[in-house]
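Q: Can you keep this structure in mind? I'll have questions shortly.
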Amino acid sequence: MYTYLQFPYRDYRLMPSDFYYSPYSEGWSIRNNGAPEFDERHRLPSQQRLTFVLVHGSWADAHFWDGVAAELRSRGHIVYTPEYAGHGKNPNKNVTHAMITKFIVDFITKWNLRNFVLVGHSFGGTVIQKVAEQVPERIKRLVFWDAFVLKDGESVADEFPPQMRQGFELLRASSTDDTIMLPFPLFRDSFVNTATFEEAKWMYEGRHSRTGKATFRETGS
């Protein structure tokens, strides 16, 4: 069964806004000068510091990475956490996988990022594999963190067991905006089955609905 890796910091939603990028948040920024002070003894030598672009999965937003980003930054790494269309505060759920991929590619080129580690979690794995096809020369390494990796022509839904796929189809059909919002029991049993009940409830409270098109259409479409 698909499992979910836990955050290194439980109170990730309390991290300062300087730690994430969202095009739908007021006064967003990408900077380190507003970050809490860290023990310099844990910082890596400058030649070992890396740049990371962290891509979240479904039912999540840029805040998903707050704890991970804080840990990486405490060691001197540079971290970007783009929040793609159809998630977070963006009300438009009529987005496709291709649109999500384009958003990440545009983010990378806008900030002229090069020689970085591109990380995808869960659904984000399907995004970074398509991003890598478009800007391979900019990427140092791909990391699929508990993520989907699809074959050409596949969709995320193709990776689901038949019973789960049927459940997703019913949830999609019952929505008014072509989205999928999991009931808590399904979310817990299928996506956070290594967490305690309290941890699963805590994570579920921050979930967002996900677009049906990005789930059932093949990657890149």
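FYI, it's all coordinate maths here, none of it is from the lab. In this text the structure is predicted, and so the values were computed from the model without any measurement. Cβ sites come from the backbone with ideal geometry, for glycine too, and all protein chains shown count toward neighbours.
Q: What ranking do 113-126, 182-195 get when scored by the average of other Cβ atoms within 10 Å per residue, highest first?
A: 113-126, 182-195
Q: Express in nm, to one decimal, how much length is gained between residue 78 and residue 196 on full extension, taking 0.36 nm for each residue of separation and deducting their alpha carbon distance. Before the final figure, lay out each step's value.
A: Values: separation 118, 0.36 × 118 = 42.48 nm, distance 3.18 nm.
In short, 39.3 nm is gained.
Q: Same structure, new question: Quick check on packing: order 100-109, 63-72 by the mean number of other C-beta atoms within 10 Å, highest mean leading.
A: In decreasing order of mean packing, 100-109, 63-72 become 63-72, 100-109.
Q: Something else now. By how many nm would the segment from residue 169 to residue 154 grow when fully extended, if each residue of separation counts as 0.36 nm and the alpha-carbon distance is taken off? Could the numbers behind the result be given before it?
A: Numbers: separation 15, 0.36 × 15 = 5.40 nm, distance 1.63 nm.
In short, 3.8 nm is gained.
Q: Output ³J(HN,Hα) for the range 125-135: one whole-Hz value per residue in order, computed from phi by the Karplus curve 6.51 cos²θ - 1.76 cosθ + 1.60 with θ = phi - 60°, and x for Gly and Pro.
A: Calculated HN-Hα couplings, in order: x, 5, 6, 5, 5, 7, 4, 4, 6, 8, 9 Hz.
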